[in-house]
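The values are calculated or read from the model by the stated rules, or taken from the named source; none is laboratory data. Computed from a predicted model, the values in this text were never measured in an experiment. As a convention, Cβ positions derive from the backbone with ideal geometry for all residues, glycine included, and neighbour counts pool all protein chains shown. Just the protein is used for accessible areas: all its heavy atoms, side chains included, with ligands, DNA and RNA removed. Shrake-Rupley method; radii C 1.70, N 1.55, O 1.52, S 1.80 Å.
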Amino acid sequence: MDNGEGHTLKMDIYQDLNQKEPGPCIIYYFGGGWMWGEYKQVTQKAVYCRDLIKLVEQGYTIISPSYRLASQSVFPACIHDCKGVVRFLKANAQTFHIDPERIGVLGNSAGGHLAAMVAMSADSKEMEGDVGGNLEHSSAVKAAAVFYGPTDLEELIHVGAAKIDGPPKNLEGTEIDSAAGQAVEIETQILGYRGTGKNLWTLNEVLENGDTANTDWRYIELARKCSPIQYVKEDCPPMIIMHGGQDPVVPIDQSEKLYKALVEAGADVTYLSYSNAGHGPSMGKAADEFAYRFLTDRL
């Protein structure tokens, strides 16, 4: 699938070779902070996905697609790519033996954010994009499973900046320019907030000042538009949210906040947390199976 910018997006399709009738489909979006990883991760991280692939034996098609990383393009490019995958599958449902009305999404970490965005922002033209075409088809899906995904990027700007006591400095005490020392500031990288004097600390200053006339305010608006929490509504597709209580990467508040908002909106949502789990597959086999059962029950 071409994204219209000369970059080819690829995907792996896992399906029983004997399947001839349209069946349910689950799209897995890999994690990696929107900066690392690839679509082959579904097999490389066998511990996490060991039972997901087994669903092929039950007539499910498992799709693992690529999407543009921050080094290739900033938000909302990866969201557009992920929605383009859904439309592509619907447009080619007969070829791939997929029931277009029984597509679910699953993702962990950054992939969880993308799964939530696909599930919750189906009616947002700005988040839709036109990657791969097939715009006559909706990118709406029937259910979603979100593992420890960022849900409120504006809040993450606050959280990240709070860990920095002023602008980043080198050993001589001189401030570090964004281009030279901001590689780990994921929030600014994926938003495209880069350049001399631009870093997570300065972006948070813009946010806290609330100066909408500041030319950098557009990055705050972009963070909001690309946050699942902004798309909460009663008719969101059924969703299960999972998060470890000891997650050092994505604060558990991110999942709890989204869960509470969906409950208040009257949406169909389930939340599961394991108090001792960190960030990654440490929630365990039982949690994975619970999420897969949630999806299969609704597909």
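Annotations
- Note on segment 104-125: residues that are on the phi < 0 side of the Ramachandran plot, in a loop (DSSP other than H, G, I, E, B) and either surrounded by fewer than 24 Cβ atoms within 10 Å (Cβ to Cβ) or touching a His at 6+ places or on another chain (Cβ under 8 Å) (or both) amount to 3.
- Residues that are at pLDDT 80 or above, in contact with a helix residue (DSSP H, G or I) (Cβ under 7 Å, 6 or more places away or on another chain) and open to solvent by less than 40 Å² (accessible area, probe 1.4 Å) number at least 1 in the following helices (runs of 4 or more DSSP H) confined to segment 126-194: 153-162, 186-191.
- Pair list, Cβ under 8 Å, 6 or more apart: segment 280-299 residue in contact (Cβ under 8 Å) with a residue 24 or more places away in the chain and of a type in the set (A, V, I, L, M, F, W, C), other residue surrounded by fewer than 16 Cβ atoms within 10 Å (Cβ to Cβ) and not in a helix (DSSP H, G or I): Phe294/Thr270
- Residue in segment 257-266 that is outside any helix (DSSP H, G or I), modelled with pLDDT of 95 or more, closer than 21 Å to Phe294 by Cα and open to solvent by less than 70 Å² (accessible area, probe 1.4 Å) present: yes
- Every residue from segment 234-247 that is part of a loop (DSSP other than H, G, I, E, B) and in contact (Cβ under 8 Å) with a residue 40 or more places away in the chain: Cys236, Pro237, Pro238, Asp247
- A single member of Tyr48, Tyr29 is under 24 Å from Ser282 (Cα atoms), under 18 Å from the mean Cα position of the chain (by Cα) and modelled with pLDDT under 95, and it is Tyr48.
- Whenever a residue of segment 248-262 is without any contact (Cβ under 8 Å) to a residue 12 or more places away in the chain, its partners that are of a type outside the set (Val, Ile, Thr), lying with C-beta atoms within less than 9 angstrom and at least six residues away or across chains, give the pairs Lys260/Tyr271.
- Segment 223-256, subset open to solvent by 60 Å² or more (accessible area, probe 1.4 Å) and among the basic types (Lys, Arg), residue nearest to Leu153 (Cα to Cα): Arg224
- Qualifying residue in segment 85-100 (condition: without any contact (Cβ under 8 Å) to a residue 40 or more places away in the chain and part of a helix (DSSP H, G or I)): yes
- Matching residues in segment 274-293 - criterion: being out of contact with any Leu (no Cβ under 9 Å at 6 or more places or on another chain) and open to solvent by less than 50 Å² (accessible area, probe 1.4 Å): Ala277, Gly278, Gly280, Gly284
- Taking every residue in segment 197-222 that is more than 19 Å from Asp152 (Cβ to Cβ) and pairing it with any residue that is open to solvent by less than 20 Å² (accessible area, probe 1.4 Å) and among the aromatic types (Phe, Trp, Tyr), at least 6 positions away or on another chain, yields no pair with a Cβ-Cβ distance below 6 Å.
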